[in-house]
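Student: If you scroll down you'll find the structure; I have some questions about it.
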Amino acid sequence: MKKKKIQLHDLEPKQNQGGHTHGDGHNHSSSINHFKAYIPAIIGFVMLTIGIALDYFEVAFFKDWARIIWYSIAYLPVGFPVIKEGWKSILRGYFFTEFLLMSIATLGAFAIGEYPEGVAVMLFYAVGELFQAAAVKRAKGNIKALLDVRPKEATVFRNGDYKSVSPEDVAIGEKIQIRVGEKIPLDGMLLSEKASLNTAALTGESRPDSILKEAKVYAGSINLESVIEVEVTNTFEDSSIARILDLVQNATARKSKTELFIRQFARVYTPIVVFLAIGVTFLPYFFVGDYVFQDWLYRALIFLVISCPCALVISIPLGYFGGLGAASRNGILFKGASFLDAMTKINTLVMDKTGTVTKGVFKIKEIKAIGWEESEFMKYLMAMEEQSTHPIAKAIMEYKENGDDYDAKEVSEIAGKGLKGIVNGKTVLVGNKALMTANNIDIPTEAESIVESIVLVTIDNQFAGYVVIADELKQDAKETITELHNVGIKNIMMLSGDKDSITQQVAKELNIEKAKGGLLPEDKLNEVETLKQNPENKVAFIGDGINDAPVLAASNVGIAMGGLGSDVAIETADVIIQTDQPSKVVRAIKISRSTRKIVWQNIILAFGVKAIVLILGAGGLATMWEAVFADVGVALLAILNAIRLQRMKWS
């Protein structure tokens with residue numbers, strides 16, 4: 001099958017149909033529609049309450065047809081949508097659904113004159129559905145909409161001038177210009193002498209990529225230093241961003257959706273109940289001497305009313321609603337109740353490095369001054385780096401020191417190597433190993449063995465020291481790995497686009513046994529797919545970049561760092577960590593397990609009570625009101641049980 005190409009309009013944020021979205025992202029039409037969803041239940045509840053009161057006080061006019069019409073009006077807002085859905089299910093070939101059971105049971109209640117009971121049962125069902133819808137809406141409502149992942153325009157050179165056009169309209173071989181801070185819209189070849197690019201969104205590489213003329217550049221990279229020119233080598237649909245989004249699309253198609261328990265249970269429960277009700281109506285004819293059809297039909301209808309799974313239907317979404325709410329208050333957003341279930345089954349955790357367990361920003365890790373006081377050494381270095389806009393230079397300039405600053409003169413940049421200048425009357429070289437080698441400067445062995453980014457410094461042709469710049473670990477990164485082991489997640493793996501040496505060092509520091517670096521998005525995807533080939537592995541992946549989106553989609557549960565993460569990663573993931581704290585993953589697992597435990601408690605409670613009342617109803621020992629109140633009681637207990645999730649603490 002041919003894969004669908006990603007077109008530019010596929011990446012546009014979707015506009016709402018009707019209703020104006022303001023700058024704050026709040027849609028007034030959506031709010032009105034949200035309120036409208038509650039109107040049928042409100043009407044049903046108010047009319048049912050008034051009807052019961054009129055019955056209780058035996059008001060003169062509230063008899064016969066007046067009573068039937070009143071309760072019919074109360075029933076229609078909550079009952080008609082269920083009957084309609086039941087009919088649609090029948091047309092699709094699904095006869096025994098909870099919609100059919102609810103319809104037969106409540107219409108049966110009307111047929112035998114038990115109007116309030118019929119309305120009450122359908123009302124409880126409608127409320128349960130509202131709780132379920134609210135839970136999902138609340139989770140999704142807190143998640144930012146997919147934003148554009150590439151510039152809407154490309155500045156292309158045509159007819160002697162630069163013009164802004166859509167990236168889709170740029171042909172191979174044309175020249176485009178990218179200003180500082182802009183994303184490169186198309187893959188190409190660098191025409192400028194040099195460029196410093198942030199490629200973290202594509203490769204996961206934590207350090208900016210400094211490249212020279214005629215090197216390849218990729219769509220989605222951010223230009224950091226000066227205006228550059230690029231010759232386009234790929235059309236937009238074949239660019240790096242489109243390729244990654246294509247992987248996301250295909251990976252998502254391979255993920256099956258989890259059905260809620262009630263749907264699966266109803267497939268078995270509903271036909272059994274219907275056939276049992278038929279049996280209650282007709283089988284006594286062969287065993288009872290004074291068989292009266294109307295009496296046994298009455299019992300069968302009571303049996304159907306009692307068997308309505310409204311307590312089950314309300315207990316399950318309420319449990320998940322409690323879990324989703326508890327997670328949200330802890331800075332964790334689940335995109336649906338099914339992912340709470342899926343999280344409880346996870347036994348293998350794969351994580352990205354940059355932006356996931358590290359902060360994704362440069363910090364000074366170590367300063368080594370040789371023959372100089374540290375503060376004096378840093379004055380020389382900072383005087384030079386003040387002339388640069390490179391992110392490493394910015395990290396060095398954050399060093400705090402007392403006293404007067406030095407000024408650098410005659411500073412020149414040596415392409416791909418570093419800087420040369422005069423500070424305080426002394427010649428200073430600042431750069432990499434290639435710069436030292438070119439100037440015949442010997443480097444200490446300890447400096448050569450450092451895997452992180454390192455800035456080497458000479459003063460008057462004498463090696464003066466070095467500064468190690470590294471991506472800083474998040475405060476709770478080590479704690480997270482320990483806690484994951486404590487909750488039973490033993491198989492942990494790190495995959496990164498950063499250098500393998502840096503990846504291995506970070507993994508060792510965090511006590512992660514398996515780690516691989518230097519990976520492209522396709523490589524990460526292949527690693528996860530390999531893990532999934534073992535049916536015993538239930539894989540969760542934690543990431544934050546555009547490059548992580550395909551893996552997030554392919555894993556059993558995709559977890560995105562939402563505070564600083566890529567918009568595509570957030571849109572693709574199943575779980576969003578709003579605070580960017582990896583330790584929240586452990587809390588998400590604990591909340592999921594607590595939720596599942598409470599949901600099953602509610603299921604057993606509801607089914608157990610239901611089974612008892614069903615037996616009593618079949619024997620003529622329970623009326624419809626007893627059945628309704630039994631359902632209400634079970635639903636109340638389920639609500640109280642679910643509320644416990646709101647008060648639980650997960651350390």
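The values are calculated or read from the model by the stated rules, or taken from the named source; none is laboratory data. In this text the structure is predicted, and so the values were computed from the model without any measurement. Cβ: placed from backbone, ideal geometry, glycine included. Neighbour counts: every protein chain shown. Ligands, DNA and RNA are stripped out before the accessible areas are found, and what is left, the full protein with its side chains, is counted by its heavy atoms. Shrake-Rupley method; radii C 1.70, N 1.55, O 1.52, S 1.80 Å.
Student: From the protein chains alone at 1.4 Å, what is the descending order of accessible area for Phe293, Phe541, Phe339, Phe275, largest first?
Tutor: Largest accessible area first, the list is Phe275, Phe293, Phe339, Phe541.
Student: Hey, another quick one. What FRET efficiency, computed as 1/(1 + (r/R0)^6) with R0 = 35 Å and r the Cβ-Cβ distance, is obtained for Leu520 and Asn439, rounded to the nearest 0.05?
Tutor: Computed FRET efficiency for Leu520 and Asn439 comes out at 0.45.
Student: Right, something else. Apply the Karplus curve 6.51 cos²θ - 1.76 cosθ + 1.60, θ = phi - 60°, to the phi angles in the range 178-183 and return the couplings in whole Hz, x for Gly and Pro.
Tutor: 10, 7, 5, x, 8, 7
Student: Got the relative contact order for the range 410-511 handy, in percent, Cα pairs under 8 Å and 6 or more residues apart?
Tutor: The value is 17 percent.
Student: Using the Karplus equation 6.51 cos²θ - 1.76 cosθ + 1.60 (θ = phi - 60°), what ³J(HN,Hα) coupling, rounded to whole Hz, does each residue of the range 325-336 give in order, writing x for Gly and Pro?
Tutor: With coefficients 6.51, -1.76 and 1.60, one gets x, 4, 5, 4, 5, 9, x, 10, 10, 9, 7, x Hz.
Student: Under a 1.4 angstrom probe, counting protein chains only, how are Trp87, Trp372, Trp65, Trp296 ranked by accessible area, largest first?
Tutor: Descending accessible area places them as Trp65, Trp87, Trp372, Trp296.
Student: While we're on this one: Please arrange Ile184, Ile414 by accessible surface area, largest first, computed with a 1.4 Å probe and ligands excluded.
Tutor: Ile414, Ile184
Student: Also, I was wondering about something else. Go through the range 275-285 residue by residue and turn each phi into a ³J(HN,Hα) via Karplus (6.51, -1.76, 1.60, θ = phi - 60°); whole Hz please, and just put x for glycine and proline.
Tutor: 5, 5, 5, 5, x, 4, 6, 10, 4, x, 4
Student: Collect residues whose amide H, placed 1.01 Å from N in the peptide plane, falls under 5 Å from the amide H of Glu472; neighbours closer than 5 in sequence don't count.
Tutor: Lys359, Gly360, Val361, Lys363
Student: What is the set of long-range amide H partners of Asn424 at a cut-off below 5 Å, with H atoms built 1.01 Å from backbone N?
Tutor: Asp407
Student: Counting only other residues whose beta carbon sits under 9 Å from that of Val428, what net charge do I get with K and R as +1, D and E as -1?
Tutor: Summing Lys and Arg as +1 and Asp and Glu as -1 gives +1.
Student: Given an 8 Å cut-off on Cα distances and at least 6 residues of separation, report the relative contact order of the range 32-101 as a percent.
Tutor: Worked out over the range 32-101, it gives 31 percent.
Student: Another question about this same structure. Roughly how much of Glu398 is accessible, in Å² to the nearest 10, using a 1.4 Å probe?
Tutor: Estimated to the nearest 10 Å², Glu398 gives 100 Å².
Student: Roughly how many Å² is the accessible area per residue of the range 484-564, as a whole number, for a 1.4 Å probe?
Tutor: 39
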